[in-house]
1. Determine ³J(HN,Hα), in whole Hz, for all residues of the range 83-91 in sequence, where each value follows from phi through the Karplus function 6.51 cos²θ - 1.76 cosθ + 1.60 and θ = phi - 60°; x replaces Gly and Pro.
2. Looking at the range 13-108, which trypsin sites (Lys or Arg not before Pro) are DSSP coil and have at most 16 other C-beta atoms within 10 Å of their C-beta?
3. Just to confirm the filter: which GluC sites (Glu not before Pro) across the range 101-141 are DSSP coil and have at most 13 other Cβ within 10 angstrom of their Cβ?
4. With Kirkwood's inverse mean 1/r over C-alpha pairs for Rh, give me the Rg to Rh ratio of the range 95-138, two decimals please.
5. Dividing the alpha-carbon Rg of the range 75-121 by 2.2 N^0.38 Å yields what?
6. Could you work out how far apart the two model spin labels at Thr16 and Ala89 are, taking each label as a point 7 Å from the Cα in the direction of the beta carbon, and quote it in nm?
Amino acid sequence: MPSFAELSRFGFRRVTREELAATRQIRNLAIACRSPRQKSATLSGGNQQKIVLGKWLETRPRVLLLDEPTRGIDVGAKQEIHDLILGLARDGLAVIVVSSELPELLHLSDRVLVMSEGRPQGILSRAQASEEAIMRLAARGHRDATMALEDLPS
């Protein structure tokens, strides 16, 4: 567990603290389970994703990097994860989403950094971002975006 140091003492688990943290995330993320002790393998893919997210949220991050956060889950669970991500961002958490699903990126992003062959191609604002604009940048493989990386404020 990413927050093990905070939930343990001298390297020993403090089960009561673990259960309080689990209960908090079950409530905050609307995880559908019978109890905090239920094995995650018995839950749906969407609820398993929420558990992973909850474990990291217990560390109280300032920046959260999510790599393909909805891969392999059903449409309903995908919408729940999207709502959670948008809520976290609204609450002030910096969220970076890496996704190969263009509709997901367009729905979740304020800005889109387009990468091609491991190299940044450009950054699009929410107003500039469209599937066509993203694909155009990704296909070109050279830096002709509206805003080049050097032009970003530091």
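Just so you know, all these numbers are worked out from the coordinates, no wet-lab data involved. Here the structure is a predicted model, which means the values were calculated and not measured. FYI the Cβ positions are ideal-geometry reconstructions off the backbone, even for glycines, and counts take in every protein chain you see.
1. Couplings: 4, 4, 4, 5, x, 4, 5, 4, 7 Hz.
2. Details: sites: Arg13, Arg14, Arg17, Arg24, Arg27, Arg34, Arg37, Lys39, Lys50, Lys55, Arg62, Arg71, Lys78, Arg90; in loops: Arg14, Arg34, Arg37, Lys39, Arg62, Arg71.
Within the range 13-108, the qualifying trypsin sites (Lys or Arg not before Pro) (loop, at most 16 other Cβ atoms within 10 Å) are Arg14, Arg34, Arg37, Lys39, Arg62, Arg71.
3. Working: sites: Glu101, Glu104, Glu117, Glu131, Glu132; in loops: Glu101, Glu117.
Listed in order of number, the matching sites are Glu117.
4. Working: Rg = 9.3 Å, Rh = 10.3 Å.
My calculation puts Rg/Rh at 0.90.
5. Cα-based Rg divided by the globular estimate yields 1.24.
6. Once both label points are built, they end up 4.0 nm from each other.
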